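Rule-based calculations on the coordinates, nothing more; no lab input. All values reported here derive from a predicted model rather than from experimental measurement. Don't worry about glycine lacking a Cβ; one is built from the backbone with ideal geometry, like all the others, and counts go over all protein chains shown.
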């Protein structure tokens, strides 16, 4: 049996206490006079990587950046649709013996449900303001079902790396970004999302710990193997989203991209998606620390996989 060692502050009671101090409403963030500014970029360049695409002019790069912002939140909303049932299933095994843990996890699921509503509201605002259709991968229910068919440990490890990835994105490239003129409304949405997600990394780690304590080595190995399978599955979805983004860009600029243009955009954006949604998460130091404790034998494999997405 593998035993994870958490820092003293990482417990359900303190996590719940911190979460209760962050309490925003969707209406406080978007809607009314809180409008997206379509004259500005939404995403930092380090995540969107549109500047290096030579075949696009500045106006077209702005549109692709905004398309990437829409896809970014679509993908996070998709992830949260499998986080909610995963957490609720975990609550069922926790029961009422530790009521604080149960309350913290239910609050976790409630916040993720709120984020789904927030991102759906954003999608409505984006569709109105952008002017042309931008598609996201789906159906979301089918993707959620496919993810949840995997071993619970594999699913929770995927969720944990995504939560740390969210933290990294906001802290490293959005919070103190004074060099890019990003839309303040989009940044405000990401900030409020980050404020709640900051508590979730603790709860995700606690979920991993509880699962590992209940499993024998063969089951842990099976869960870790499914984690790697899910990385491949999610990458397939990301590559499909690259294609959809290209089609959305073509509609937005009102012309068909040439094959040369399409190939250049695809090559740059595939690298961008790899780093943004996989590499930046599975290489996060806190995720790597937890993974090494769960499966030290598979650490070198994790690093090998990371190389392909960095």
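Structure notes:
- Our helix-only sum for the chain, with -39,500 (n - 2.57) per DSSP H run of n ≥ 4 divided by its residues, gives a mean residue ellipticity at 222 nm of -24000 deg cm²/dmol.
- In plain terms, the chain from residue 191 to residue 258 could stretch by 20.4 nm, reckoned as 0.36 nm per residue minus the Cα-Cα distance.
- With a Förster radius of 51 Å applied to the beta-carbon distance between residue 146 and residue 178, the computed FRET efficiency rounds to 0.80.
- Label point distance in nm, residue 46-residue 89, each placed 7 Å from Cα along Cα→Cβ: 3.5 nm
- For the listed peptides 231-241, 171-181, 299-309, a ranking on the average number of other beta carbons within 10 Å per residue, highest first, reads 231-241, 299-309, 171-181.
- Cut-off 19 Å (backbone N to label point 7 Å along Cα→Cβ of residue 289), residues of region 160-181: 160-172
- Structure remark: mean-square fluctuation, Gaussian network model of the chain, C-alpha springs under 10 Å; the largest value among 60, 80, 124 belongs to 124.
- Between residue 132 and residue 300, the modelled label-to-label distance comes to 4.9 nm, taking each label 7 Å out from Cα in the direction of the beta carbon.
- Judged by the mean number of other Cβ atoms found within 10 Å, the most tightly packed of the peptides 132-141, 27-36, 45-54, 266-275 leads the ranking 266-275, 45-54, 132-141, 27-36.
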